[in-house]
Amino acid sequence: MTSEAFHRALLDAAVEQAEKSWAEGGIPIGSALGTPDGAIVAAGHNQRFQTGDTTAHAEIVCMRNAGRRRDWHTLTLATTLSPCVMCSGAALLHRVPRIVIGENRTFMGAENLLKEAGVELIHMNDPRCIGLMERMIREKPELWNEDIGVPPDFDA
């Protein structure tokens with residue numbers, strides 16, 4: 001499997017997770033972890049709304065689902081949206097060397113932090129990821145603002 005095909009397969013798994021979260025009434029963000037030989041070892045979706053756990057972002061849920069591992073430094077993480085500072089920090093903590101990012105148009109996460117640490121970022125600019133987030137922001141702006149920490153009645 002070529003690296004491009006691997007990145008696409010990982011992102012496809014992450015998009016499937018994002019769609020699952022949206023179907024559950026949550027935020028449509030998904031994530032998947034893969035090994036160098038192309039195996040997907042874990043996936044997860046944002047469950048913050050569903051569970052009331054403010055740390056249940058897709059990347060964190062995915063890493064939790066991966067369990068205890070010693071090979072984090074070989075894995076690739078895919079996420080449908082540019083990872084926030086919490087999720088970026090978790091990837092750095094586990095020394096994940098590469099992150100496939102579905103899109104960063106609707107939200108720019110802590111990509112500079114990741115780059116400074118030497119993480120390879122692969123930007124896919126995927127229309128599915130952009131469409132899911134644009135729809136969610138349009139239809140549920142209060143949920144999105146809650147997720148990214150924007151106070152009620154905040155004028156930016």
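So here's what we get for this one:
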read-out: Mean accessible surface per residue for the chain, computed with a 1.4 Å probe while every protein chain stays in place, in Å²; value: 50 Å²
read-out: Global geometry of region 66-156, whether rounded, prolate or oblate, following the gyration tensor of its Cα atoms and the 1.5 cut on a/c; value: prolate
read-out: Of Gly44, Gly89, Gly67, the one that fluctuates the most in a GNM where the chain has Cα springs shorter than 10 Å; value: Gly67
read-out: Within region 19-108, GluC sites (Glu not before Pro) in DSSP loop having at most 15 other beta-carbon neighbours inside 10 Å; value: Glu24
read-out: Max mean-square fluctuation residue, GNM over the chain, Cα-Cα springs under 10 Å, options Ala78, Ala91, Ala39; value: Ala39
read-out: Between region 52-80 and region 23-51, the Cα center-to-center distance that results, in Å; value: 8 Å
read-out: Gyration tensor (alpha-carbon) shape descriptor, region 40-108, a/c threshold 1.5; value: oblate
read-out: In region 74-131, trypsin sites (Lys or Arg not before Pro) in a DSSP loop with at most 15 other beta-carbon atoms within 10 Å; value: Arg95, Arg105
read-out: Apportionment of accessible area to carbon and sulfur, region 13-138, percent (1.4 Å); value: 51 percent
read-out: Mean Kyte hydropathy of -1.0 or more with a Cα span along the axis of at least 27 Å, helices from DSSP in the chain; value: 3-23
read-out: Helix-derived mean residue ellipticity, 222 nm - over the chain, DSSP H n ≥ 4, -39500 (n - 2.57), to 500; value: -13000 deg cm²/dmol
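The values are calculated or read from the model by the stated rules, or taken from the named source; none is laboratory data. Bear in mind that the values here come from a model prediction, so they are computed numbers and not experimental data. Because the Cβ atoms are built from the backbone with ideal geometry, glycine has one as well, and the counts that use them run over all protein chains shown. Protein only, heavy atoms only, side chains kept; ligands, DNA and RNA dropped before computing areas. Shrake-Rupley method; radii C 1.70, N 1.55, O 1.52, S 1.80 Å.
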